[in-house]
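Derivation of every value follows stated rules applied to the coordinates shown; laboratory data play no part. The model shown is predicted, which means the values in this text are computed figures rather than measured ones. Note that we place each Cβ from the backbone using ideal geometry, even for glycine, and neighbour counts take in every protein chain shown.
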Amino acid sequence: MRVPLAACLLIGLSACSEPPPDAYVTRTMSATAGEPVGTDARNEACQAQPGRTIAADRPVLRAREVFCGGWTQPAARVLELSGSATEADLDALATSGLWRSWLDQRVACGPPTRTTVTGGGSARLLACTRRAGGWPHVAIVTAGASGPVVADGVATSLPVIERLATGRTGGSGTAAGGGSRSAALELAVARLSADAFGAADVGRYEQLMNLGRDLNQTENFAAAEDAYRAALSVQERVLGRDNPNTAAPMLALAVNLSNQKRLSEAQVLLDRAGTLAPRAADPTMQARVLHYRGLHALNAGDPARAATFLQEAETRYAALAPAASQSQENDTAELLADPVQQSAILGLAEAKRNRAVALSRAGRAQEAAEVVAEGRAVLRRAGLEPNMMVGRALRTEAGADIRLGRTEAAATLLERAAGRFGIAAPGERPEAVTLFLAGQQRLRAGRRTEALAAFRTGAGILRARQIGLPVALVVPYLDALDQEASASPGNAAALRAEMFGAAQLAQRSSTARYVQQASARLGVSEGNPAVQGAVRGLQDADRELRDLFAERDASGANNAALDQRIAAAQQRRAEAESQVAAAAPGYRQLLLAAVDADSVFRALGPQEGMLTMLLGPNNGFVMSVRNGRVDARRIPIGEEAVAALVSRVRRSSEIGAGGVPRFDTEAAQELHNLLVGPLAASLAGTETLVVAPDGPLLALPFGMLLAGPAPAENLVGAPWLVRQFAIVHVPSPQTLVTLRAAGTGSTAPLPYIGFGDFVPPSAAQYARSFPADRCGRDARLATGLGRLPGTRAEVQTSRQLMGAAPDKAILGAEFTIPNMRRQRLDQYRVVHLATHALLPGELSCLPEPSVVASPPGGAPSADPAFLKASEVLDIKMDADLVILSACNTGGPGGEGGGEALSGLARAFFYAGARGLMVTHWAVDDAAAALTVADTLRRQQGGASSAASLRGAQMLILEEAGRSIPAAFAHPYYWAPFVLIGDGRRTGTPGGSAQAPTNGPARL
């Protein structure tokens, strides 16, 4: 049960990174207009409204809250107390008592300073730092008209606090407004520049931290990363990069990077936070560093080291938690009063739960069960049992039972956990994950009917939310359906169709990350205000729903009215999704959504078939869709074994120091026998085969699979799959359906524009983009991207063939991203990018696929030379074909290149491309120029893009050993190009080596 762990910690700890409901930071401004009270130290207009009272040493005559600059959270709280206000009274209130105790729970203050306020009245000023976030804070005790006044707030609110305390509600900024000058204000300004920050900065920070927590809770780690990175940026801008209180967002960012397996970048942030934590205002920070190091070790596959870190974290949390939370006797009200203690209690419980996971993975299942029970007891004794945390604890306990062989007990616990998630966040990913885990255990126990019920309920959630699960969770669903089809032949057709839809519920982590990054970018894109507004509306609807789930979880009781509000909010989210789809028709390309077999039947032509597959840890499935029927076969080996075969084929296809290697015909034939051969009868009559590969197969051109034996020393005449089919690759079945629903081909007026022969950034520019301390691997990768002089001739030849004007070949130093954007790419039917596409697997500093161009003149770093996949969304296209002729999915970016290419393709589809013609490895210049030119010429003659590419490849194969050397029959020369998406669909699907009638093929 290897589900990511960080969400559970952040649910507990980040929820306590702000004061509880009775503290000022959670109060929102009411709809009632407040009383104007002048401006704060940043000259932002402020209003005062009646506020909540808190426990104080004397009766509270009036409580007011201050809102500044349009911020909806209070910037300050002012309490007017009854009784005398002598010097001794002021000293006592500033140093002890109920109000001071309340203050100390939320901020860390220095000793009070004797000073005066405007008008000369005596006061005590406390310079403080908020424990949550480390923001500068002030508190003041002074004499008012009816008795003492105690107040606290953001440091820049002090002028307003003084006016309320002294009855002078006019004025602005630091102006005294007559009378004696304020010594208290002078002290505050000496500590903090009035221009440094204001209430809006604190509000923005807290909003981002809360958003990150919510996204993390739903296990959307890429989007959570963006939120926490923005929060850290706000804090570093205001407080400084080395302020110890930046450790909080730094840790949250680190663990979300770790959850995405970007381990080296996460480690750098953990180390930085570790040096800052001892000086942070939050006393739990050092415990949290140890806790997050433990989570990181779990993500890195080192459970023994994780358990050590987590046990150390428990010790530190326990030192801060009240003793009552760790004994059978407790006073719940007392435990909930102090936010630091509450955070420590939650941290202690979560650290125990996480340690239980580590122990279970280390083979110590019985001990793990005991530790997770301890964690639940901590929450129970403290009266802190939110459904989400209990659900995760039950899920962890089930994991221990699984390792102890207690399948039935584990399934029961998982079903209970799903019920808890269904209360805390109904219809969200945690509930679906747990239902799939329960289904897996029911299947292992031989209870297939109950297993299918759990799988189908979870699948309904995933489809409704258009989200996916890790492959290992989805394959058991297909196992159950496959078994049921064998047991019930009469229902086999419907069950095979269900298998086709179920397979699409799986997602790979890298693909999910690219899609989430791209989708999130739409909300801040300046290219299309309608899209921006629609996406932000969807984000707001999601946020509203999360808040309602949290409210229901906190209420702990049935609430029909709240359930109705949730149902209404869910309807608003559905409407918001429809508005996004209307504003951006390509938006569906950014969703990891499933389509049913009927949708694919309707999208396919009469001579077309689809082949899709899913590779699990130990086995997989391959499925065909043809003539209104789904067929499926079990793959008897798992992803790792398939990846080994792919690696053998790839290594034997790419040129090395010794030249072109001997091709591994055995591996190519074995892959065919696993993936295509079992469904050959179902695909009979197919001319164009649409392939949706999975995992390592994304990095393999399917046309190079061998349908039969062939001698490696003589590949002329070898039975390649491309001899049978024109092949279209797609990231998913949904991609095909969406592309074909978008309509016919391009209506752009101009035929072609090409870019090539880029000038690489300098070593100094690379060094600024990829700091050696954390991006050394990236730097080595990037500096290996040499110039591609052969692309100059490739672009020029293509331009001439397409009949484009001479200025439509943009080369050398002119090929920059700004210049490319200026070309109005939506005017061209073919866009040719003859340059590197950097397809990272696990990169610290460039975590998304990018197209590389020349840096603009005077660029300080290499950053402007990279067009990231998320930035492609801002480009408007109307292209039948985008050609990327220097991609390499096998390296040097490491594993995951195929997934990265899938993410890049989705971005281009969103931008308006109908197809991408891309390479999978570094190509021979002559063969690449021939393949591109002949493909374009055939397409110009009326053939589809798929048939045109097949025709160009068949031309090389058929002429090998005749007009060109026999060596050209090796896949290194003819196979690297693939078509992703349809491209142009006009013309005969099958294609052949025969050139179109508008001119002979020239070799």
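Odds and ends about this structure:
- In nm, spacing of pseudo-spin labels at D563 and E814 (7 Å Cα→C-beta vector): 6.8 nm
- Computed 3J(HN,Hα) for the stretch 81-87, one whole-Hz value per residue from the Karplus formula 6.51 cos²θ - 1.76 cosθ + 1.60 where θ = phi - 60°, is 9, 8, x, 6, 9, 6, 4, glycine and proline marked x.
- Between amide H atoms placed 1.01 Å from N, distances below 5 Å from V107 occur with R131, all of them 5 or more places distant or on a separate chain.
- Cα-projected label distance for V660 with D104, points at 7 Å along beta-carbon direction, nm: 8.0 nm
- Karplus-derived 3J(HN,Hα) values for the stretch 221-238, using 6.51 cos²θ - 1.76 cosθ + 1.60 with θ = phi - 60°, are 6, 5, 5, 4, 4, 4, 5, 5, 5, 5, 4, 5, 5, 4, 5, 5, 5, 8 Hz; glycine and proline are entered as x.
- Using θ = phi - 60° and Karplus 6.51 cos²θ - 1.76 cosθ + 1.60, couplings along the stretch 961-966 (whole Hz; Gly, Pro as x): x, 10, 8, 10, x, 4
- Kirkwood estimate for the stretch 656-743, i.e. one over the average of 1/r between Cα atoms, Å: 14.6 Å
- Check: the stretch 734-968 dipole with +1 on Lys, Arg Cβ and -1 on Asp, Glu Cβ, in debye: 400 debye
- Here V646, V268, V78 are placed in order of increasing Cβ neighbour count within 10 Å, fewest first, which gives V268, V646, V78.
- Inter-label distance for A643 and S82, nm, one decimal - labels placed 7 Å from Cα along Cα-to-Cβ: 7.3 nm
- R62-T449 FRET efficiency (beta carbon distance; Förster radius 51 Å; 0.05 resolution): 0.20
- For the stretch 384-447, the alpha carbon positions stretch 32, 23, 13 Å along the principal axes, listed from largest to smallest.
- Stretchable slack from A373 to Q823, in nm (0.36 nm times residue separation minus alpha-carbon distance): 155.7 nm
- The H on the amide N of H836, modeled in the peptide plane, is under 5 Å from the matching H of V852, each at least 5 residues off or on a different chain.
- R0 of 45 Å, Cβ-Cβ distance R787-A494: FRET efficiency to nearest 0.05: 0.20
- Cα convex hull of the stretch 597-728, projected area averaged across orientations, nm²: 8.1 nm²
- The N627 and R768 beta-carbon pair, evaluated with R₀ = 56 Å, returns a calculated FRET efficiency of approximately 0.45.
- Net charge of neighbours whose Cβ lies under 10 Å from the Cβ of T434, counting Lys and Arg as +1 and Asp and Glu as -1: +3
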